[in-house]
Amino acid sequence: MAKARHPKVSGIHWRLLGAAFLSAIVAFWSPVAPTQEPPKRTLEVAAGTLHVETVAAGLSYPWSLIFLPDGDMLVSEKHPGRLRRVSPDGSVGDPIDGLPEIFSEGNGGLLGLALDPDFEANSLIYFAYSEPGENGTSGLSVGRGRLAEGRLEEVETIWRQSPKVEDVRNFGGRLTFAPDGRLFVMTGDRFAHDLVQDPSNTIGVIARIERNGDIPPDNPFVDTEGYDPSIWSWGHRNIGGGAMHPETGQLWIHEFGPWGGDELNIPEAGENHGWPVVSWGRHYSGETIPDPPMRPEFASSIFHWTPVISPSGMIFYGGSEIPAWKGNLLIGGLSSQSLFRLTLRGETVIGEERIEFGARIRDLTEGPDGAVYLLTDQPYGEIFRLRLEKAIGQ
């Protein structure tokens, strides 16, 4: 029986852009300077005045940002599928060699990054990427390699989504390590709707694997006939962000809805989240979809957005740079071109602040200095650092 949720109720609004048009936009790459005005250097928010500093620029559709122990950053560039090292002063290094062949079209490319929990001892990094298949097909895969000077060594692919399909949409691609050292792989439905409710494949699932790609013996379907043993939860549409709750150790995710209905979820072992049988949104054709409460056997979201925000990237903020944000959930927005700050009470969202940037926010993380770092999704993408310049009332 699915646990009780408390979804935010709101009206249905259609997305402003259809899936095909969005796919064409994200697939297009052109080496021209951006015409978009940069965001304000300061932003007035509920906590006070934020200073927005450009740390680095000139990144090609940056997708994921992680910090290394020495303070450098690793950034994946979705198109054309490159890995970059960025120093604290903003210097962007040459592309790191050693990556496998990458299918860089549409939503595909080099995607999520994660450091091995024992990175300081083994130098291993994990990366999600779209892997080309036969006859124009592709699929999400996870590789790992040892980070050396200017290259990855001992590179191997440890997990592959199956089957590969002939589409350029909805790869998912976020990676998050759990406190027990297992790796969560967050995928998309690849627009293969007829496969999502078939658990013998890994379309529209969260997979849970060991660091070498083996299947943990306590996965929910490891001994269940007809289920892929890597599945942790299933029935997902397209997961754009995931983070471990710092107190409960649970995985929280968000995923894109169709026309309406972006969701915030807390997936648990074995849960089916119902896509495409239920959704808070509509199909792009305009066809209605039953709301999740109509099918209580499916796990429901704890919060949802209509109109959509196109969520991407997510962290639980724990830094000291912006004290009023401590314990809040921060989420980037693509079509909304905003940063969202959610205030929580347990598993309930009790407050939301939208901070507009005028740029598509693809990922965000907390730096070792306690500041918030953002990636912008554009041909000449940037890294922004947010600091509190003046607290409210000062």
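Side notes on the structure shown:
- Selection within segment 322-345 - open to solvent by 60 Å² or more (accessible area, probe 1.4 Å) and under 17 Å from residue 301 (Cα atoms): 345
- Within segment 185-202, being open to solvent by less than 10 Å² (accessible area, probe 1.4 Å) and either out of contact with any Gly (no Cβ under 8 Å at 6 or more places or on another chain) or under 21 Å from residue 145 (Cα atoms) (or both) holds for 185, 186, 187, 202.
Quick grid of which residues meet (1) open to solvent by less than 10 Å² (accessible area, probe 1.4 Å); (2) under 20 Å from the mean Cα position of the chain (by Cα):
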{"site": "209", "(1), (2)": "yes, yes"}
{"site": "242", "(1), (2)": "no, yes"}
{"site": "267", "(1), (2)": "yes, yes"}
{"site": "297", "(1), (2)": "no, no"}
{"site": "306", "(1), (2)": "no, yes"}
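- Selection of first residues in segment 43-64 that are without any contact (Cβ under 8 Å) to a residue 12 or more places away in the chain and of second residues that are part of a strand (DSSP E or B) and hydrophobic (A, V, I, L, M, F, W, C), restricted to Cβ pairs under 9 Å at least 6 apart or on distinct chains, gives the following pairs, ordered by first then second residue: 44/50.
- Subset of segment 294-351 [of a type in the set (Val, Ile, Thr) and in a loop (DSSP other than H, G, I, E, B)]: 302, 306, 308, 309, 322
- Residue check: residue 319 meets all listed conditions (1) surrounded by 22 or more Cβ atoms within 10 Å (Cβ to Cβ); (2) touching a helix residue (DSSP H, G or I) at 6+ places or on another chain (Cβ under 9 Å) but one, namely (1).
- Selection status of residue 217, surrounded by fewer than 17 Cβ atoms within 10 Å (Cβ to Cβ) and closer than 26 Å to residue 327 by Cα: no
- Residues considered: 69, 38. Of these, the only one that is part of a loop (DSSP other than H, G, I, E, B) and at pLDDT below 95 is 38.
- Residue 330 being among the aliphatic types (A, V, I, L, M), within 19 Å of residue 308 (Cα to Cα) and without any contact (Cβ under 8 Å) to a residue 60 or more places away in the chain: yes
Listed here are the residues, each with its yes/no results for (1) closer than 24 Å to residue 184 by Cα; (2) without any contact (Cβ under 8 Å) to a residue 24 or more places away in the chain; (3) surrounded by fewer than 22 Cβ atoms within 10 Å (Cβ to Cβ).
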{"site": "280", "(1), (2), (3)": "no, no, no"}
{"site": "284", "(1), (2), (3)": "no, no, yes"}
{"site": "290", "(1), (2), (3)": "no, yes, yes"}
{"site": "362", "(1), (2), (3)": "yes, no, no"}
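The values are calculated or read from the model by the stated rules, or taken from the named source; none is laboratory data. The shown structure was predicted, so the numbers you read here are calculated from the model rather than taken from an experiment. Positions of Cβ are generated from backbone atoms using ideal geometry, with glycine treated the same way; all protein chains shown enter the neighbour counts. Note: accessible area is taken over every heavy atom of the protein model, side chains too, but ligands, DNA and RNA are not part of it. Shrake-Rupley method; radii C 1.70, N 1.55, O 1.52, S 1.80 Å.
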